[in-house]
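Notes to accompany the following structure.
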Amino acid sequence: MARPPKKLVSSPGEPQTQVGTQLNPAMTASAMARRSGGVNQAAAGRSTGLGLDSEGVRRSMVERLRASGPLDAKVLDAVAAVPRHLFVDAALVTQAYEDTSLPIGHGQTISKPSVVTRMIGVLMDGVTARAGGHLGKVLEVGTGCGYQAAVLCQLSRHVVSVERIKGLHDKARDLVAPLRMDHLRLVYGDGMLGHPPNAPYDSIIAAACGSDVPEAWLEQLAVGGRLISPVLDAANKQRLVVIDRLEAGGFQRTEYEAVQFVPLKSGSI
Ligand code: SAH
């Protein structure tokens, strides 16, 4: 995926906007993980049984991501803290630290690390100042196998992640269990409805692409919060869209680069 600098590109007809608060470098992801009871390091360093030095390969992946463009250091630390190989099937484990999406069953995929890093980085730019150096309370739509939810947990005080496919919801629950992330709540249901019981959310992130951002997500976004989601544009191409709920009232929508996600579907199965 092309990786332009962290500058927002406005869509035709919209004024160009530049959003970006200075990140607080004082709190590292590992400090955050300690504070919020993040990844269980024993589980994170666990051998795959395939001769994979997971920590070393993971560090190399993060170094490649770091070299690829301007990325938020705290987000890279969060990616470095999550053992991605635990979220992919045994047959694919040697590809776990390549920058690629991989099948997770039910026709779905685990997101590319560069896309996870990019999207969470854009969220961080928008909410850190208000939410005290992290993402605050997060809603993720599209748990899949739970990988991105685990990364979000390193940078948040509470993550609610919704998945519409029961088989994947169950799989994610089993995969995150050994990582002991007590502030992660996995919900089985239609994420197009958001998750009203825990609203409002400081950050909302979608891992599946719809024709527009569902109204429920806007309603459940906190004032001062930020949402990021892939959305189909007029030419039926997927594009990342950021929506900020402004303190002064109203929403500001800004478009970013083209992306490739699985479809956002209504209902649960
Ligand atoms: N976050 C995952 C990516 C999973 S792929 C990761 O860490 O890699 C996107 C997921 O979105 C799929 O599992 C798909 O089933 C789910 N999805 C699509 N529409 C949805 C909806 N309306 N509600 C909840 N999940 C949805």
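The values are calculated or read from the model by the stated rules, or taken from the named source; none is laboratory data. Since the model is a prediction, treat every value here as computed from it, not as a measurement. Neighbour counts are summed over all protein chains in view; Cβ atoms, including those assigned to glycine, are modelled from backbone coordinates with ideal geometry. The protein model used for the area step is the full one, side chains on, heavy atoms only, and it has no ligands, DNA or RNA in it. Shrake-Rupley method; radii C 1.70, N 1.55, O 1.52, S 1.80 Å.
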Next on the checklist: Anything in segment 199-224 that is more than 16 Å from the ligand (Cβ to nearest atom), open to solvent by less than 30 Å² (accessible area, probe 1.4 Å) and within 15 Å of the chain's Cα centre (by Cα)? List them, or say none.
Outcome noted: none
Checklist entry - What number of residues within segment 226-245 satisfy the criterion of being closer than 22 Å to His134 by Cα and either of a type in the set (Asp, Glu) or at pLDDT below 95 (or both)? => result 1
Checklist entry - Would you call Arg239 under 21 Å from Gln148 (Cβ atoms), crowded, with 21+ Cβ neighbours inside 10 Å and more than 16 Å from the ligand (Cβ to nearest atom)? => result no
Item to check | Cβ pairs under 6 Å, 6+ apart, first in segment 181-197 and among the small types (Gly, Ala, Ser), second assigned to a loop (DSSP other than H, G, I, E, B) and open to solvent by 40 Å² or more (accessible area, probe 1.4 Å) | outcome: Gly189/Ser268
Checklist entry - Among Leu86, Leu102, which is open to solvent by less than 40 Å² (accessible area, probe 1.4 Å) and in contact with a Pro (Cβ under 8 Å, 6 or more places away or on another chain)? => result Leu86
Checklist entry - Can you tell which of Ala149, Ala177, Ala172 is under 16 Å from Val82 (Cβ atoms) and either open to solvent by 10 Å² or more (accessible area, probe 1.4 Å) or aromatic (Phe, Trp, Tyr) (or both)? => result Ala177
